[in-house]
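Quick notes on the structure that follows.
The values are calculated or read from the model by the stated rules, or taken from the named source; none is laboratory data. Since the structure is predicted, the reported quantities are computational estimates derived from the model, not experimental observations. Here the Cβ is made from the backbone with ideal geometry for all residues, glycine too, and neighbour counts use every protein chain on show. Calculation scope for accessible area: heavy atoms of the full protein, side chains included, ligands and nucleic acids excluded. Shrake-Rupley method; radii C 1.70, N 1.55, O 1.52, S 1.80 Å.
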Amino acid sequence: MNKSYLLSILVPTQNRYETLLPLLEYLFNFDNKQVEIIIEDNSENNKMTKKIRKKISGKKNIKYSFSSKSISVTDNFNKALERSSGEYICSIGDDDGVMPYAIDIVKWMKNKKIHCLTAMKPDYSWPGQKYSFLSDDVSGVLSFSKFEYSAHNICTQTELLKVLSKGGTEMCKLPSVYHGIIKRSALVDLQKISGSFFPGPSPDIANAIGLTALDLNCYYLDLPLFISGKQVKSGAGMGVNRKHISSIDGLSHLPKNINQSWNKKIPKYWTGETIYAQTIITALENTARHDLIGKLNFPYLYA
């Protein structure tokens, strides 16, 4: 009989062993009776898989899977989630972090019958990340704003309208399984109505927009829970370095039909803002809320 955990931490990864291995060492410290770790490795070669399997040998709460077959990042997230067993789910990147008291937060969520939670996020720039908007040397820097150790209920419909008013260029306080904690039953309900846990090409915002179609009890925690990492090969790191831009054609991490389904009102190239806008439209379509697409502020996106 398979053991079921209170919390599953998903780590979809590709070609970034330099940050995955330190993250894995850190995750070894989590409660192995209540926390499950799912590593979904879609790297181009398996040069590190033997080392990883040796590291996790005997650790029953850690599941590692490797496949070099080229799939989209959404498919890789889906694979990780489908292999998990936790009552609550969260996902991080291989260069991110999650605080060890996450399990205590989950117990609090369960007691309060909270389905979804998002929180304030410090930023960490890995060694080698040389540039930011404000400084030319942020290597190894952790930055965060003041926080108040508080929690409050959020209206996802209000947050959704904020996201649309900003042209989909940011997530505001919408909860997502990426850098958030979501009850499995809510994710299952989303899959039932949309056909996917991530009903759009960018998994973080796709999951967030999809969840707004459900009647859920959601909270924002003004306390560090996840750490958003930036390194030279990550999307966040490339964005800071002005390299997060490309033609849509030939990007293996995007769905194969993305070129044909791309909305005509969105500039046809890949960058953070354009893929967010495309994902929002796709997620609204897949949850039968076409009426909300007209509220997306395209002039804000273009600006």
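Inspection of region 215-235 finds no residue satisfying the criterion of being buried (at least 20 other Cβ atoms within 10 Å of the Cβ), among the β-branched types (V, I, T) and modelled with pLDDT of 95 or more. Against the list (1) open to solvent by 40 Å² or more (accessible area, probe 1.4 Å); (2) in contact with an Asp or Glu (Cβ under 8 Å, 6 or more places away or on another chain); (3) in contact (Cβ under 8 Å) with a residue 24 or more places away in the chain, the condition A119 fails is (1).
Set side by side, the residues S68, S91 differ, and just one is under 23 Å from G229 (Cβ atoms) and either out of contact with any Leu (no Cβ under 9 Å at 6 or more places or on another chain) or of a type in the set (G, A, S) (or both), which is S91. Taking S85, is it polar (S, T, N, Q), open to solvent by less than 20 Å² (accessible area, probe 1.4 Å) and under 19 Å from the mean Cα position of the chain (by Cα)? No, not satisfied.
Given the structure, is Y5 farther than 28 Å from L254 by Cα, of a type in the set (F, W, Y) and more than 15 Å from the chain's Cα centre (by Cα)? Yes, satisfied.
Taken as a whole, the condition of being closer than 16 Å to Q14 by Cα and in a helix (DSSP H, G or I) does not apply to K107.
Just one of the numbered conditions (1) farther than 21 Å from E40 by Cβ; (2) among the β-branched types (V, I, T); (3) in a strand (DSSP E or B) is not true of I89; which one? It fails just one condition, (1).
P175: more than 25 Å from P100 (Cβ to Cβ), at pLDDT 95 or above, open to solvent by less than 40 Å² (accessible area, probe 1.4 Å) and part of a loop (DSSP other than H, G, I, E, B), yes or no? The answer is no for P175. Scanning region 1-18 for residues that are open to solvent by less than 10 Å² (accessible area, probe 1.4 Å) and touching a Ser or Thr at 6+ places or on another chain (Cβ under 8 Å) returns S8, I9, L10, V11, T13.
Let's see how each residue does on (1) assigned to a loop (DSSP other than H, G, I, E, B); (2) open to solvent by 10 Å² or more (accessible area, probe 1.4 Å); (3) in contact (Cβ under 8 Å) with a residue 40 or more places away in the chain:
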{"site": "N32", "(1), (2), (3)": "yes, yes, no"}
{"site": "E36", "(1), (2), (3)": "no, no, yes"}
{"site": "S43", "(1), (2), (3)": "yes, no, no"}
{"site": "K51", "(1), (2), (3)": "no, yes, no"}
{"site": "K69", "(1), (2), (3)": "yes, yes, no"}
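Cβ separations smaller than 8 Å between residues 6+ apart or across chains give the following pairs from region 285-303 residues that are open to solvent by 70 Å² or more (accessible area, probe 1.4 Å) to residues that are not small (G, A, S): E285/I293; A288/I193; H290/L284; K295/L161; K295/L164; Y300/K166; Y300/T169; Y302/P267. For region 195-208, state whether one or more residues are closer than 25 Å to V73 by Cβ and of a type in the set (D, E, K, R). There is at least one residue in region 195-208 that is closer than 25 Å to V73 by Cβ and of a type in the set (D, E, K, R).
Yes/no matrix, rows are residues, columns are (1) of a type in the set (V, I, T); (2) open to solvent by 10 Å² or more (accessible area, probe 1.4 Å); (3) not in a strand (DSSP E or B):
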{"position": "K146", "(1), (2), (3)": "no, yes, yes"}
{"position": "H152", "(1), (2), (3)": "no, yes, no"}
{"position": "T158", "(1), (2), (3)": "yes, yes, yes"}
{"position": "L161", "(1), (2), (3)": "no, yes, yes"}
{"position": "L164", "(1), (2), (3)": "no, no, yes"}
{"position": "G167", "(1), (2), (3)": "no, no, yes"}
{"position": "S185", "(1), (2), (3)": "no, yes, yes"}
{"position": "K192", "(1), (2), (3)": "no, yes, yes"}
{"position": "I209", "(1), (2), (3)": "yes, no, yes"}
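A count restricted to region 191-225 and to residues that are touching a Ser or Thr at 6+ places or on another chain (Cβ under 8 Å) and either among the polar types (S, T, N, Q) or under 20 Å from T279 (Cα atoms) (or both) stands at 19.
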